[in-house]
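Here is the structure we will look at.
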Amino acid sequence: MTTIELPRSQDAMPEGLPTFADVEAAAARIAGQAVVTPLLESPELNQRLGGRILIKPENLQRCGSFKFRGAFNRLSLIPEAIRARGVVAYSSGNHAQGVAASAQIYGVPATIVMPSDAPRVKIENTKAYGAKVVLYDRFGEDRAAVADAILARSGATLVKPYDDLGVIAGQGTCGLEIVRQAEAMKAKLDAVLVCCGGGGLTAGIALAVDALSPATEVFTVEPEGFDDTLRSLETGERMTNRPDARSICDAIVTPSPGELTFALNRRLLKGGLAVSDEEVLRAVAFAFRKLKLVVEPGGAVCLAAVLSGKLPVAGRTIALTLSGGNVDAERMMEALALD
């Protein structure tokens, strides 16, 4: 199964979850630090698909992905005396860079736990922001356990990649911008597609869309084999991915949806989509050749979904995220070699 559409849950939203007010507060905190990325439109893409496609290129965001938004907002919420002890995060690379850059801005130490098979560009960029990088085996070690040991020694604060109120609210600023920029373009959004791993960007964007454009449908897009949110929406409970699953979309390969993120997403989303690695590589190549944008595989899943026809777009206005652009040259060459 690669696509589902469901009626939105009518259950009351539980207490303790982030709200649109938190998204608005985050927008004020990150102003002047995060980039207000544009909402782009390609006549060639519109003609090819028969609809109006609006692209939010978070690959142009500070650190090359949307993750800076949530990371900076979360660090801003830590009391100064506690923040001075430093921060710890675990990430395959984009959250790593966001936390490292935010810690550098605040002048506090950062230790990032990263898988040893993360793209080389992500590891080197994280180090360049002044963070200490601790590598682990993605398939043989528990990253949370590695981080817990560091936290116990340092007294630092853990900054989770997605299952955190402050992080979700920060990511939601992307959705706030999408809706307001679409309005400025006199575009009435039928749907928004969001690249989805743990669900933080999805949940944040869904909060903003629900508040500002409630008739607009929000869909996740995930890699095949890591379609845990799609399957969780279908069953109504958090599902996990097979331990032997593999994908080139390293930025969004998580074991299961977050607790906070799924509590929001099951109530706010219309459905989910999944795309193959080959479809993703073709989208990476399309973005490079036709849109003149460098996009990593995990950041290209939404573009892959519309290019491969996973969601009908003819006669509709669809916004989608390009969530990151931190791609190794070898992977880009692999994409360009397909055509």
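Reported value for region 118-179: 139 Å³ per residue, from the convex hull of its C-alpha atoms. The magnitude of the dipole of the chain, with charges of +1 and -1 set on the Cβ of Lys/Arg and Asp/Glu and taken from the Cα centre, is near 840 debye.
The string of couplings for region 254-262 from the Karplus curve (6.51, -1.76, 1.60, θ = phi - 60°) is 10, x, 6, x, x, 5, 5, 5, 6 Hz, one whole number per residue in order, with x for Gly and Pro. Which one of ALA314, VAL301, GLY272 is farthest out on the positive end of the charge dipole of region 266-327, using unit charges on Cβ (Lys, Arg +1; Asp, Glu -1) and the Cα centre as origin? Result: ALA314, furthest along the dipole toward the positive end. Ordered from longest to shortest, the equivalent ellipsoid semi-axes for region 274-335 are 20, 12, 10 Å, each the square root of 5 times a Cα gyration tensor eigenvalue. Take region 160-266, drop everything but the C-alpha atoms, weight them equally and run the Debye formula without solvent; then report log10 I(q)/I(0) at 0.13, 0.14, 0.20, 0.22 Å⁻¹ to two decimals. Ignoring solvent entirely, the Cα scatterers give -0.46, -0.53, -0.98, -1.13. As a ratio to 2.2 N^0.38 Å, the alpha-carbon radius of gyration for region 1-148 is 1.26. Computed on the Cα trace of region 66-174, the radius of gyration divided by the Kirkwood hydrodynamic radius gives Rg/Rh = 0.94.
With Cα Rg over 2.2 N^0.38 Å as the read-out, I listed (i) 1.20; (ii) 0.91; (iii) 1.12; which label goes with the value calculated from this structure? Of the listed options (i) 1.20; (ii) 0.91; (iii) 1.12, (ii) comes from this structure.
Rounded to whole numbers, the Karplus 3J(HN,Hα) couplings from phi for region 161-173 are x, 8, 8, 8, 4, x, 5, 4, 4, x, 5, x, 4 Hz, using 6.51 cos²θ - 1.76 cosθ + 1.60 with θ = phi - 60°, and x at Gly and Pro. For the pair ALA128 and LYS292, label points projected 7 Å from Cα toward Cβ lie 2.2 nm apart.
Placing a label point 7 Å from the Cα of GLU278 along the Cα-to-Cβ direction, the residues of region 219-242 whose backbone N falls under 17 Å of that point are 223-225.
Per-atom-type breakdown for the chain gives carbon and sulfur 51% of the accessible area (1.4 Å probe, protein chains only). Per residue, the solvent-accessible area of the chain (1.4 Å probe, heavy atoms of protein chains only, all protein chains present) comes to 39 Å². Dipole of region 70-223 computed with +1 at Lys/Arg Cβ and -1 at Asp/Glu Cβ about the Cα centre; of ALA128, SER91, PRO161, farthest Cα towards the positive end is ALA128. Rg over Rh for region 205-278 works out to 0.99, using Cα positions for both radii and the Kirkwood form for Rh.
The values are calculated or read from the model by the stated rules, or taken from the named source; none is laboratory data. What you see is a predicted model, and the numbers here were worked out from it, not measured in a lab. Neighbour counts are summed over all protein chains in view; Cβ atoms, including those assigned to glycine, are modelled from backbone coordinates with ideal geometry. We work out accessible area using only protein heavy atoms, side chains counted, and drop any ligands, DNA or RNA first. Shrake-Rupley method; radii C 1.70, N 1.55, O 1.52, S 1.80 Å.
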